[in-house]
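A quick write-up on the structure given underneath.
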Amino acid sequence: MKENIVSLSMKKIFFAFVLLSLLGKVEAKFVDESVFPQWAENAIERMSEAKIMTGFGDGTFQPAKNLNRAEAVTLLVRMKNEDLSEVTGHSIFQDVSSGVWFESAVIVANEKGWIKGKREGEFIPGDFLNRAEFATIISRAFDLLEDEELENPEYRDIPSNVWYSKSIFALYKNGLIRNANVDYYYPENLVSRAEAAWVFGQILRMPRLMGTSNIMDLSNERKIDSRRTAIKPRDFNPYKQGFDIEKKELAVEANPKNEILPMKMNSDWVDMGTIRLKNTLDDRVELNTLQFKMRFERTNIGPVDNFLAKIQGGGLAEEVSFSTNGEIIFTGLTLSILSGDEKVFRLRVKPQAEKQFYGGSGKGTLSIVEVKASSIGTYKSPTATRTSAIRFAPVGIKNWGLSTIEFDPS
């Protein structure tokens, strides 16, 4: 009898050990890590470990995806470690349906005074957040506005008397603005998941804002629901939760070649594939910036000196050099895309002539990192200005990856 009890106990211990081992392996390894902006990589890892931003059901993180109001509020209550299981009642907003995945988060955030409706009686959960709105909810939630000595750090596009100015000044004073020491803040720009991860990641490192002296305990002591303990990384996804959000954006899709492309020291232009842009907004869009990143499997492959890159087609014809760190930036673009129109162009790269290669052979993969564009609205009245008609256009990147190069130094 005792032997049976011991045997049963050992089986329980073994089962618990296996279960803990499996749970210990639920570390998010995102399948789109190759397109993470370098400045956001550590923050995304930190947010994943804290189970605040854990990615989507297909294993992606989607760093370039714009953050909408429902998602932002959900992230905020996770950051504040609010227990949503105790939330009762219904949201005061008529467009937040009972039982919808973000309802409890909206109820808590509204009761705490972190959010307000955008129109009377409505929350507008599907609207994307711009940087002014994001700064406002962050400053409210973490009590940053209690500081009476908030001053404008000389941002030229932030008047001191606008509704969001103090929130932006508060973020600056608390070190929550990336590349803070510049002339412009761009309050109208939309917030991407990568940028949100960077800001929240900074807050996680600040015991003063988190109200704790041991921030690493967050990853172990957070109250998490069963939806976020699945083996596959998962996160909220409004398109799979029965909430219909119309996608009006500049849709971007990379189409790589279906082969690994060889590159030698004397190679001519190598075709990396096409990039398709489709304007599904109601207004005209002007493309401003395209940024790409080449990730190498090792540091000692490829040209020792700079590459060249060029884009052609769809009204674009630009050539730039990019260094061996793999950053390619086409900026100052003025490509105009009318509502409903598509533009397609090719991206080609090559080593600069007569430049030496590193001795080893290996692969490098090129991806889209960021696309910036402006939405040019129509003038509603004779008193409207061009400035008031221009807004940052939401960008949705369907596929980031372009082709893979095999570098051959022979």
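Summary of computed values
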{"read-out": "Peptide ranges 83-89, 144-150 listed from the most packed, as the mean C-beta count within 10 angstrom indicates", "value": "144-150, 83-89"}
{"read-out": "Two-decimal log10 I(q)/I(0) for the stretch 250-407, as the Debye equation yields it once each C-alpha is a single scatterer, q = 0.09, 0.17 Å⁻¹", "value": "-0.33, -0.93"}
{"read-out": "Residues in the stretch 116-138 that a label on Gln94 would reach, taking backbone N under 17 Å of a point 7 Å out along Cα→Cβ", "value": "117-126"}
{"read-out": "Packing-based order for 311-322, 59-70, using average beta carbon neighbours within 10 Å, highest first", "value": "59-70, 311-322"}
{"read-out": "Across Lys248/Lys398; Lys248/Lys278; Lys80/Lys112; Lys118/Lys248; Lys112/Lys248, pairs whose alpha-carbon gap is larger than 22 Å", "value": "Lys112/Lys248"}
{"read-out": "Segments 32-41, 123-132 sorted - mean Cβ within 10 Å per residue, highest first", "value": "123-132, 32-41"}
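Quick note: the coordinates plus some simple rules give every number you see, no bench work behind them. It should be emphasised that the depicted structure is a prediction, and the values quoted were computed from it without experimental measurement. Backbone-built Cβ (ideal geometry, glycine too); neighbour counts: all protein chains shown.
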